[in-house]
Amino acid sequence: MKGASLAYARANDVSHALELWRRAGPDARLLAGGQSLLAGINLRLNEIPGLIDISRIGELRGVADLGDRLRIGALTRHADLQADPLVAAHAPAFAQAAPLIAHAAIRTRGTIGGSLAYADPAAELPACVLALDAEIVLRAEAGERRVAAENFFLGLFETALRPFEMIVAVEVPKIGPNRRHAVLELARRSGDYAMAGLVLAADVAGGRLHDVRLSYFSMGPAPVLARGAMAALDSDEGVEAACAALGTDLDPVADLQGGPEMKRHLAGVLLHRAVAGLLGHSPVSGGNHGRG
Amino acid sequence: MAEAEFSTLVEVSLRVNGERVSRRVEARRHLIDFLRLDLGLTGSHAGCEHGVCGACTVRVDGEIVRGCLTLAAQLDGADVWTIEGLSDTGEVRDLQQAFVARNALQCGYCTPGMLATCADLLERSPAPSRAEIREHISGNYCRCTGYEAIIDAVETVAAARRAATGQVAIGQATIGETAE
Ligand SMILES: Cc1cc2nc3c(=O)[nH]c(=O)nc-3n(C[C@H](O)[C@H](O)[C@H](O)COP(=O)(O)OP(=O)(O)OC[C@H]3O[C@@H](n4cnc5c(N)ncnc54)[C@H](O)[C@@H]3O)c2cc1C
Ligand code: FES
Ligand code: FES
């Protein structure tokens with residue numbers, strides 16, 4: 001199927017993009033990687049009068065070392081996250097998550113800003129920024145503001161972005177020497193959106209986890225922090241207690257990938273694997289896919 | 001602010017299979033329709049047109065992309081390679097021959113995208129395991145052949161290329177030694 005006729009403008013920089021957007025009206029869309037937006041346009045899912053192509057804005061692409069944290073530009077592509085040495089060293093969850101997103105030919109164009117703005121409940125990167133306590137840096141013509149990941153995802157495909165406001169970067173604290181990340185998911189086939197997935201971040205010392213952050217994706221309308229399980233792991237109550245706490249932490253809704261009971265079960269399976277992986281009891285590997 | 005006004009028609013100048021092409025395209029025109037309808041390069045296929053099947057996989061600026069999820073309007077200055085160009089330069093000849101030898105195609109609808117994807121893998125990873133091959137082609141659907149024969153073909157080519165470059169490397173080492 002083909003998209004309906006639309007108008008296109010190429011933005012030279014961020015202020016140009018914001019100006020074009022204001023002139024085109026709120027129904028116009030920023031075009032980043034296009035890997036969600038163009039699929040929707042081809043299917044005529046929504047009427048979009050205009051596209052503002054931000055994909056060539058150089059200042060929005062790439063990873064910078066800010067000392068205690070990394071700044072990941074909004075146009076940084078999934079394939080860049082997979083290969084970037086700063087990301088691998090200081091925020092490894094992103095490097096673990098990136099290969100789980102879609103397929104190679106989609107990761108070469110899809111961007112972190114697009115993924116966060118789209119806020120698919122089954123997407124990996126929103127759950128990463130949540131578990132890693134990142135800040136999303138937003139810009140509008142009036143100026144810049146920062147929103148903690150915990151306050152950014154509001155619901156199904158819904159974020160704290162205001163009209164005519166765009167994501168310019170993600171800033172994420174660097175890990176300390178004992179900090180470990182694990183990103184695990186279960187999908188029917190490699191590249192499919194996950195049936196269930198988690199991001200676990202914790203300090204590992206004395207054979208146990210400390211300062212645990214645990215988020216889940218594909219478990220409800222938005223990525224969610226599993227606070228009860230985090231507290232159980234923090235106080236060394238064991239994985240079984242943490243899994244029991246997931247019962248109240250998570251309220252999965254049925255989707256194409258499965259019903260709530262199955263999702264709850266998978267959440268516990270993944271938590272066992274992730275904790276064992278961080279403690280060195282078994283290797284943590286990125287994904288666990290059915291054979292295609 | 002005269003430049004870059006909104007327009008439903010966009011001027012683009014790019015390279016396709018090494019040749020310069022300048023066209024005025026509709027903003028909504030995706031790369032596959034541009035190649036097929038505007039340039040007559042019908043080797044690239046459109047299947048689902050929403051990113052799922054991989055039939056539209058082509059190379060843009062050295063990387064594989066979904067042709068159906070890329071607008072021609074975005075490609076000003078880009079370097080695009082399709083199955084026509086990759087065949088003419090001989091870059092994928094060994095893969096094509098192995099696909100035929102292993103019966104890795106039947107109707108051939110998926111094959112141009114499959115070849116672009118497999119060529120991309122072999123460029124990045126000269127000795128891929130079967131699991132890595134399977135993973136890299138996970139976004140390319142084949143509705144007739146099944147994937148085992150395709151994986152066999154890629155494995156065969158990887159081994160043959162390693163053997164060939166091994167000989168080249170020995171040759172260069174010999175030259176290096178005599179030069180010293
Ligand atoms: C077959 C297929 C499988 C996929 N599987 C997965 C998967 O397993 N996991 C996953 O996470 N994703 C998956 N995706 C989606 C992919 O990751 C997209 O790249 C991502 O969701 C959107 O990023 P994009 O840069 O392509 O954004 P676009 O498609 O360009 O934009 C998406 C939306 O975000 C807005 N936007 C883009 N950039 C900004 C910005 N900087 N500020 C504000 N708004 C912005 C756009 O206006 C648009 O509304 C899949 C896609 C396909 C086609
Ligand atoms: S036509 Fe592009 S992925 Fe199916
Ligand atoms: S050969 Fe027919 S779809 Fe692959």
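The values are calculated or read from the model by the stated rules, or taken from the named source; none is laboratory data. Remember, predicted model here, so these are calculated numbers, not experimental data. No Cβ is skipped: glycine too gets one built from the backbone with ideal geometry, and neighbour counts run over all protein chains shown. What goes into the accessible areas is simple: the full protein's heavy atoms, side chains included, and nothing from ligands, DNA or RNA. Shrake-Rupley method; radii C 1.70, N 1.55, O 1.52, S 1.80 Å.
Data for the structure
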item: Identity of the residue in segment B:49-70, in a strand (DSSP E or B) and open to solvent by 10 Å² or more (accessible area, probe 1.4 Å), that ends up nearest to the other protein chains (Cβ to nearest Cβ); result: B:Glu63
item: Helices (runs of 4 or more DSSP H) within segment B:91-174 that include 1 or more residues more than 28 Å from A:Asp192 (Cα to Cα); result: B:93-101
item: Near pairs, Cβ below 9 angstrom, 6+ apart or cross-chain, from segment A:186-197 (aliphatic (A, V, I, L, M)) to any residue that is within 15 Å of ligand 2 (Cβ to nearest atom); result: none
item: Among (1) buried (at least 19 other Cβ atoms within 10 Å of the Cβ); (2) free of Cβ contacts under 8 Å to residues at least 12 places away in the same chain - the single one A:Ala182 does not satisfy; result: (2)
item: Conditions (1) touching a Leu at 6+ places or on another chain (Cβ under 7 Å); (2) touching a residue at least 60 places away in the same chain (Cβ under 8 Å); (3) within 16 Å of ligand 2 (Cβ to nearest atom); number of the one not met by A:Ile54; result: (3)
item: Filter result (open to solvent by 60 Å² or more (accessible area, probe 1.4 Å) and in a loop (DSSP other than H, G, I, E, B)) within segment A:22-59; result: A:Pro26, A:Asp27, A:Leu43, A:Arg44, A:Leu45, A:Asn46, A:Glu47, A:Pro49, A:Arg56
item: Contacts under 7 angstrom Cβ, first residue in segment A:66-80 being open to solvent by less than 60 Å² (accessible area, probe 1.4 Å), partner within 16 Å of ligand 2 (Cβ to nearest atom) and outside any loop (DSSP other than H, G, I, E, B), 6 or more apart; result: A:Arg77/A:Arg107; A:His78/A:Arg107; A:Ala79/A:Arg107
item: Residue check, B:Ala127 more than 11 Å from ligand 3 (Cβ to nearest atom) and surrounded by 19 or more Cβ atoms within 10 Å (Cβ to Cβ); result: no
item: Tabulated pairs, segment A:3-30, first at the interface with chain B (Cβ under 7 Å from one of its Cβ atoms), second open to solvent by 50 Å² or more (accessible area, probe 1.4 Å) and aromatic (Phe, Trp, Tyr), C-beta under 6 angstrom, 6+ apart or interchain; result: A:Ala7/B:Phe6; A:Ala9/B:Phe6
item: Segment B:99-123 residues that are within 16 Å of ligand 2 (Cβ to nearest atom), paired with ones that are open to solvent by 10 Å² or more (accessible area, probe 1.4 Å) and assigned to a helix (DSSP H, G or I) (beta carbon under 6 Å, 6 or more apart); result: B:Pro112/B:Ile83
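Each row is one residue, and each column tells you yes or no for (1) assigned by TED's automatic domain parsing to the domain that holds B:Thr42; (2) closer than 30 Å to B:Val12 by Cβ; (3) within 16 Å of ligand 1 (Cβ to nearest atom).
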{"residue": "B:Val80", "(1), (2), (3)": "yes, yes, no"}
{"residue": "B:Pro112", "(1), (2), (3)": "no, yes, no"}
{"residue": "B:Leu121", "(1), (2), (3)": "no, yes, no"}
{"residue": "B:Glu132", "(1), (2), (3)": "no, no, no"}
{"residue": "B:Asn140", "(1), (2), (3)": "no, yes, yes"}
{"residue": "B:Arg143", "(1), (2), (3)": "no, no, no"}
{"residue": "B:Arg161", "(1), (2), (3)": "no, no, no"}
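Conditions (1) surrounded by 24 or more Cβ atoms within 10 Å (Cβ to Cβ); (2) hydrophobic (A, V, I, L, M, F, W, C), marked per residue:
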position	(1), (2)
A:Asp84	no, no
A:Gly114	yes, no
A:Arg139	no, no
A:Leu154	no, yes
A:Arg162	no, no
